[in-house]
1. With the Cα gyration tensor of the stretch 275-358 giving a ≥ b ≥ c as the square roots of its eigenvalues, does the rule (a/c under 1.5 for rounded; else a/b larger than b/c for prolate; else oblate) give rounded, prolate or oblate?
2. Order PHE142, PHE185 by their accessible area, 1.4 angstrom probe, all chains in place, largest first.
3. Using only C-alpha positions, report the orientation-averaged shadow area of the convex hull of the stretch 130-173, nm², one decimal.
4. Seen from all sides and averaged, what is the projected area of the convex hull of the Cα atoms in the stretch 330-465, in nm²?
5. In the full protein assembly as shown, how much of ASP432 is accessible to a 1.4 Å probe, in Å² to the nearest 10?
6. Taking the Cα centre as origin and putting +1 on Lys and Arg beta-carbons and -1 on Asp and Glu beta-carbons, what dipole magnitude results for the stretch 155-231, to the nearest 20 debye?
7. For the stretch 187-280, calculate the relative contact order in percent as a whole number, restricting contacts to Cα pairs under 8 Å that are 6 or more residues apart.
8. Taking 2.2 N^0.38 Å as the expected size of a compact globular protein, what ratio does the Cα radius of gyration of the stretch 402-488 give against it, to two decimals?
Amino acid sequence: MQFKDYEYTRPDVETVLAELKKIVSEVQNAENAQQQLEAFRACDEYMKEFSSLHTIASIRNDIDTRDEFYAGEQAFFNEKMPLIQNEMTRLAKAMSESRFRPELEEALGEFTMEKIDYQVKGMCEEIIPLMQEENQLTTRYFKLYSSAQIPFDGKTLTVEQMPPYKASTDRAVRRAAFAAEGAFFDSIGEELDSIYDRLVHNRNEQARIMGYKDYTELALIRMRRYGYGAKEVKAFRDQVQHDLVPLVTKIKKLQAQRIGVADWKAYDNLVMFLDGNPTPKGTPEELIRAAQEMYHKLSPETAEFFDFMVDNGLLEVESKPGKAPGGYCASIAKYKAPFIFSNFNGGSGDVDVLTHEAGHAFEGYRAFRNPAFEGNSYLRRYTSETAECHSMSMEFLTAKFHELLLKEDTAKYEVEHAENALSFIPYACIIDAFQYSAYENPDWTPEERHQEWKRLLEAFQPHLTDYEDIPFYSRYAGWQYKLHVFMNPLYYIDYALAQVVAFQFWMLSLEDEKLAWEKYMMFIESAGTRRFADTVKYVGLDSPFEEGTVKKVAEKVAAWIENNQL
């Protein structure tokens, strides 16, 4: 069945809540572990319908944020989801505190019970009004971002349509593109400052009510940082600053030489080659067909998966007015279907996002068909840094077949992709460190937040500090461009951790392609069954948290980049 034909009707939340309360009561009053397990698994099955309707509505709202019906449905879920989450937390609490816990651990596994414990620690009924307000604030931010109507090149463009101009080989054009985009963000700057200020205070209040010092502690629970916390994340960021930033600075000098720029400015950063950046060859429809051929060549497993995606209309990739920004993979449990959402704009990022989101979708497709996960959705709830390993590794493990997408630009793409991936890690660290500072200093003024962004840029990305007098960027408000800061707090470091793992898969594939794919499949199949660092070690790779890992991996990648300059 095609995604466009998936039925949607607004769920009766009162009925869902009543059923959840009934299940919670059954767990609480069970006479043995078996009765609790039966109720737990019944809930898992029951919630597939509700979660699928929620996901379908969210995707359709993102496809056209101007659609009043699905905008209304998004508002409905913003209000009702905290109520559902509260009942699910009550169920988790009943399981966590069960007098039959040893039997539950034996049946479900210790890691599943740890996940259940974390859910209990991440929410309580008292914070429901704050969660509802938080949802409204993030939706407002998203709508503002999506509303962009940027006049440029005789057209009216969205934020997602600007990157090709920002990467123009004509320096005047790219500078003007940054200025036009910056002018849009400046036009909504005061409201963005206000929204973020309210979000910081809202989230900190949620944390205070739950007994945490500020939101950074609560976020670590909600992000399910199993086996590590703020201390380990900071140590990782310190590794990046000490061992990786100097390598990126060196590579940026190579880039400046390559594009003939002697007086480097931040708006030069996206230009990789003097004759233009690599671009995918073909229309969005042609790229999907090329990707289908690529995944047929990669493995039987990926062939089956991508055929399913194409046959069922589960890719929405073309950028268009009113469409939400960004890209993601969603899961629709009722149909055992992943869904890829992105915004193609004709740049090499289209290849990045296609292979990236396909990595997420491939794991989801496999997990939906894994009998071991039936009746226990907790088991397949891998953490986000694990999930990003699936996607970022897929970007590199498909390299042998990128020619299908890029043709004569393939060699340029491989250099650009490696350079961008390496230089991305410090950026992800900035996003992470900025958020810790923001929640630890909730009463900062907007200007103080901007100055913190400037300080972090100077420490991690010194090549991105000089925007001359370009609006928005030159006043160091660029953090407002990143959706995750507003919508997915403390998520972004996951990309940096995963990139270190993905680089290891890539380096291994250059030595032994078959072994790299086997280890990747091991990683995919074990998603959700182990903690992140344990999963990395399980497949024989080095954890990003181990001292020296960042240096070892970054030096190998930097050497490859230097040896493959065009």
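The values are calculated or read from the model by the stated rules, or taken from the named source; none is laboratory data. Keep in mind that what you see is a predicted model, and the values were worked out from it rather than measured. Backbone-built Cβ (ideal geometry, glycine too); neighbour counts: all protein chains shown. Note: areas computed on protein heavy atoms with side chains; ligands, DNA, RNA excluded. Shrake-Rupley method; radii C 1.70, N 1.55, O 1.52, S 1.80 Å.
1. Numbers: a/c = 2.16, a/b = 1.23, b/c = 1.76.
Verdict is oblate for the stretch 275-358.
2. On the way: PHE142 30, PHE185 0 Å².
Largest accessible area first, the residues go PHE142, PHE185.
3. Values: hull surface 15.3 nm².
Dividing the Cα hull surface by four gives the mean projection, 3.8 nm².
4. Values: hull surface 46.4 nm².
Averaging across all directions leaves 11.6 nm² for the Cα convex hull.
5. Approximately 0 Å² of ASP432 is accessible to the 1.4 Å probe.
6. Values: 13 positive and 11 negative charges, 101 e Å.
For the stretch 155-231, the charge dipole is close to 480 debye.
7. Working: 30 pairs, mean separation 10.7, N = 94.
About 11 percent, as a whole number.
8. Working: Rg = 16.2 Å, N = 87, 2.2 N^0.38 = 12.0 Å.
The value comes to 1.35.
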